[in-house]
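Peer 1: My structure is below; once you've seen it, I'll send some questions.
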Amino acid sequence: MRSTSWPTQMSVVGSSVVLLATLTGCADAAAPDAPATPTATAAPSAPEQAPAQWSYEGATGPQHWGELADEFTACSSGTAQSPIDVPSDPALSSAPIEPGYTPADFQARDTGHTVELHALSPQSITVGGTEYAFQHMHYHAPSEHTVDGAAYAAEFHFVHRSENGDLAVVGVLAAEGRHNAAWSSVSDAIPATAGEDSPAVTGLTLTSLLPESLDHYVYGGSLTTPPCSEDVRWLLLQSPIELGAAQIAGLRSAHAGNNRPVQPLNDRQVSEVDQ
Ligand SMILES: [Zn+2]
């Protein structure tokens, strides 16, 4: 697997690390209700072969992904996999996220493992001078990344790709709390469109879905679903958003338990960017 090309010019900025302390709504996060159905994956395969099937439990669950198809071997042999448990005291670096999002319409697509929202007009972010084009946004419930061992009710992944193929994923953690009006068009559309592809959201600016602070953890990792490719620059926002109990329940009614367990950090470094 190709390794992420890290900006080696990162410098130390910012002040003390503030840990996330408010973790709510996670008590039932591991409840085994409504496991993801092992339906056909979108992973590429030879034209004459049926796509390898994978799931979040049993014989096709995360512990076996690497055995299910030749192109999935990174899931078991990779040494820079995601998600991870973010340590409590990462080093400080600088490479701010510059969102270039504009109002757009979105279409929902149910992959069988999550619901993706695809923008119908180009969207992008810039990180460290590199522009990454928005691919789609999807979610996991409960969260995939944990922070100092703690999981959240959900985690959203804003997937971006640079011109040379490198991925940058902005992760947004969601705790159960107050109803979040900014997210209502998304949280309404996801359960409504589960199992089908349809127009879902109009006139949404992705920036409105992000927390006020874009301070984030950054590390080099992988896709958290097969083929687990290790070409992902992870940008995990430190401030969780809050979603109402009904909003979380809506996500879980479409797909729940679709979180890969945390993977070994090995010799990777997690840095923190205050911006
Ligand atoms: Zn994801």
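What follows draws every value from the coordinates through simple rules; no lab data is involved. As the structure is a computational prediction, the values presented were derived from the model and not from experiment. FYI the Cβ positions are ideal-geometry reconstructions off the backbone, even for glycines, and counts take in every protein chain you see.
Peer 1: Can you work out ³J(HN,Hα) from phi for every residue in the stretch 217-225, in order, using Karplus 6.51 cos²θ - 1.76 cosθ + 1.60 and θ = phi - 60°, giving whole Hz and x for Gly and Pro?
Peer 2: In residue order, the calculated couplings are 8, 9, 7, x, x, 9, 4, 9, 10 Hz.
Peer 1: Which whole-Hz ³J(HN,Hα) couplings does the stretch 85-90 yield from phi under the Karplus relation 6.51 cos²θ - 1.76 cosθ + 1.60, θ = phi - 60°, glycine and proline marked x?
Peer 2: Coupling constants for the stretch 85-90: 8, 6, x, 7, 9, x Hz.
Peer 1: Given +1 on the Cβ of Lys and Arg, -1 on the Cβ of Asp and Glu, and no further charges, what dipole in debye does the stretch 71-189 carry about its Cα centre, rounded to the nearest 20? Before the final figure, lay out the partial values.
Peer 2: Working: 3 positive and 15 negative charges, 30 e Å.
In total the dipole reaches around 140 debye.
Peer 1: Follow-up. Amide H to amide H, which residues 5 or more places from residue 146 or on other chains are under 5 Å from it, using H placed in the peptide plane?
Peer 2: Long-range HN contacts for residue 146: 84, 85, 86.
Peer 1: Continuing with the same structure: Taking the Cβ of residue 174 as the center, what net charge do the other residues with Cβ under 9 Å away carry, scoring Lys and Arg +1 and Asp and Glu -1? List each step's numbers first, then the result.
Peer 2: Numbers: positive: none; negative: 155, 176, 242.
Taking every Cβ under 9 Å from that of residue 174, the sum is -3.
Peer 1: What residues qualify as long-range amide H neighbours of residue 111, i.e. H under 5 Å apart, gap of 5 or more or another chain, H built at 1.01 Å from N?
Peer 2: Counting only residues 5 or more places away or on other chains, the set is 116.
Peer 1: From Cα pairs below 8 angstrom and at least 6 apart in sequence, can you work out the relative contact order of the stretch 127-275, rounded to a whole percent? If you can, show how the numbers build up before the last one.
Peer 2: On the way: 284 pairs, mean separation 42.7, N = 149.
Reported relative contact order: 29 percent.
Peer 1: Taking loop as defined by DSSP and a crowding limit of 16 other beta carbons within 10 Å, which GluC sites (Glu not before Pro) in the stretch 86-185 fit? All intermediate terms of the calculation are to be shown ahead of the outcome.
Peer 2: Working: sites: 116, 131, 144, 155, 163, 176; in loops: 144, 163.
Hits after loop and neighbour filter: 163.
Peer 1: Non-local amide H neighbours of residue 258 (under 5 Å, H modeled in plane, Pro and chain starts lacking H): which ones?
Peer 2: 141
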